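Okay, so here's the structure we're looking at.
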Amino acid sequence: MSIVKYEVFLKVVELGSLTKAADVLGFTQSGISHTISSLESEFGFPLLVRSRSGVKLTVNGEQVLQPIREILKWNEQLKQQVADIHGLETGTVTIGTFTSVSVHWLPGMIKQFRKEYPYIEFKLMEGGYLEIEQWIEAGVADCGFLSLPTREKFEVIPLKQDRMLAVLAKDHPLSQAPYMPLAQIAYEDFIMPKAGSDYDVRRVLEKAGIKPNIKLSAGDDYAIIAMVEKGLGISILPELVTRFQHHNVAMLELEERSFRSLGIAVSSMKYASPATRRFLQYVQTWTKQEE
């Protein structure tokens, strides 16, 4: 069975369309369709249901999806190991990440890393903590940045303690205060990060015994800052989110200092690809230099 067929199958599933997969892979649509049909013939059952809106997995297709992902993962690791033996640094590292890390860490991190390893490529998948955990567990992502603690089955490298700060409009009565009184938060209109990205904020509020008056919820950290800037409420965000931002808002230390613990996780360091292991080692060094 051809590895290429598995790659085509996964790309079609990922994009939900034969046409989109053909465009990305440089195939004709008929070529993609023929490849999928050939794989279905080899397996002896349909893998996809085709409709005008796209394609979706059959029940049998869902059952073989994860084993196919594993085969491709191990094939990639084999190629990297062979290249490593020959002294070549190649491969692709798929990273699960979230906005603040994508914006403030990864551009500089990857730029410096590729000076030493120019032939290692990166694929970034952005989502909430829960999504990143699921991607790592399923083998879709090789590693992922997370707020700790995370799942016990993962191997984790702690990286940084990131302060949690109150975010207020510049004309808010408390904008010049030395810190944000925790009790006051319950009396303010509050803007909450979307579910899946709200773990750090909810931990702060629950520890203080505060039930916030949630008026708005947003999926993007910078959308939250913009809403605060317009006086729609206050919020609590990690310091990394606010770095290098020039919004017209005030950032206050919380009355009781609080932090999120950032780290990077893998399913298994032992079975991580050579490229992934090199990146993980580099991440540790880079974050220490940034402190």
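The values are calculated or read from the model by the stated rules, or taken from the named source; none is laboratory data. This structure is a prediction, so every number in the text was calculated from the model and none was measured. Neighbour counts are summed over all protein chains in view; Cβ atoms, including those assigned to glycine, are modelled from backbone coordinates with ideal geometry. Please note that ligands, DNA and RNA were not included when accessible areas were found on the heavy atoms of the full protein model with its side chains. Shrake-Rupley method; radii C 1.70, N 1.55, O 1.52, S 1.80 Å.
Reported to the nearest whole Å, the Cα centre-to-centre distance from segment 121-170 to segment 1-67 is 30.
A protection proxy built from the mean count of other Cβ atoms within 10 Å ranks the segments 148-155, 90-97, 268-275, most packed first, as 90-97, 268-275, 148-155. Taking amide H atoms as placed 1.01 Å from N in the peptide plane, the amide H of T92 lies under 5 Å from those of E121, each 5 or more residues away in sequence or on another chain. Ordering K73, K170 by accessible surface, largest first, gives K170, K73; the 1.4 Å probe counts only protein heavy atoms, with every chain in place. Only protein heavy atoms count here; on that basis, with a 1.4 Å probe, S2 has an accessible area of about 50 Å². The charge dipole of the chain, taken about the Cα centre with unit charges on the Cβ atoms of Lys, Arg (+1) and Asp, Glu (-1), comes to about 260 debye, rounded to the nearest 20. Among residues other than L18 with Cβ under 11 Å from its Cβ, the summed charge is +2 (Lys and Arg +1, Asp and Glu -1).
Over all other residues within a Cβ to Cβ distance under 9 Å of R163, the charged ones net out to -1, with Lys and Arg as +1 and Asp and Glu as -1. How far is helix 129-138 tilted off the main Cα axis of the chain, in degrees rounded to 10, range 0 to 90? Computed tilt is about 20 degrees. 3J(HN,Hα) along segment 153-158, derived from phi through the Karplus expression 6.51 cos²θ - 1.76 cosθ + 1.60 where θ = phi - 60°, amounts to 5, 7, 9, 10, 10, x Hz, with x in place of Gly and Pro. Highest mean packing comes first when the peptides 229-242, 12-25 are listed by Cβ atoms within 10 Å, giving 229-242, 12-25. Around the amide H of M192, modelled in the peptide plane, lie the amide H atoms of K215, L216, S217, A218, all under 5 Å away and 5 or more residues distant in sequence or on another chain.
What does the charge count around D142 come to, taking other residues whose C-beta lies under 10 Å from its C-beta (Lys +1, Arg +1, Asp -1, Glu -1)? Once positives and negatives cancel, what remains is +2. Each residue was assigned an accessible area with a 1.4 Å probe, and for V59 the value is about 100 Å².
Rounded to the nearest 10 degrees, the inclination of helix 29-43 to the longest alpha-carbon principal axis of the chain is 70 degrees.
Each residue of segment 46-60 was assigned a 3J(HN,Hα) from its phi angle through the Karplus curve 6.51 cos²θ - 1.76 cosθ + 1.60 (θ = phi - 60°); the sequence is x, 9, 10, 9, 9, 8, 5, 7, x, 10, 9, 6, 6, 4, 5 Hz, with glycine and proline shown as x. Checked against a 18 Å cut-off, the cross-linked pairs K79/K270; K160/K288; K123/K270; K153/K270 give Cα-Cα distances beyond that limit for K123/K270.
Dipole magnitude for segment 127-201: about 200 debye, using +1 per Lys or Arg Cβ and -1 per Asp or Glu Cβ, origin at the Cα centre.
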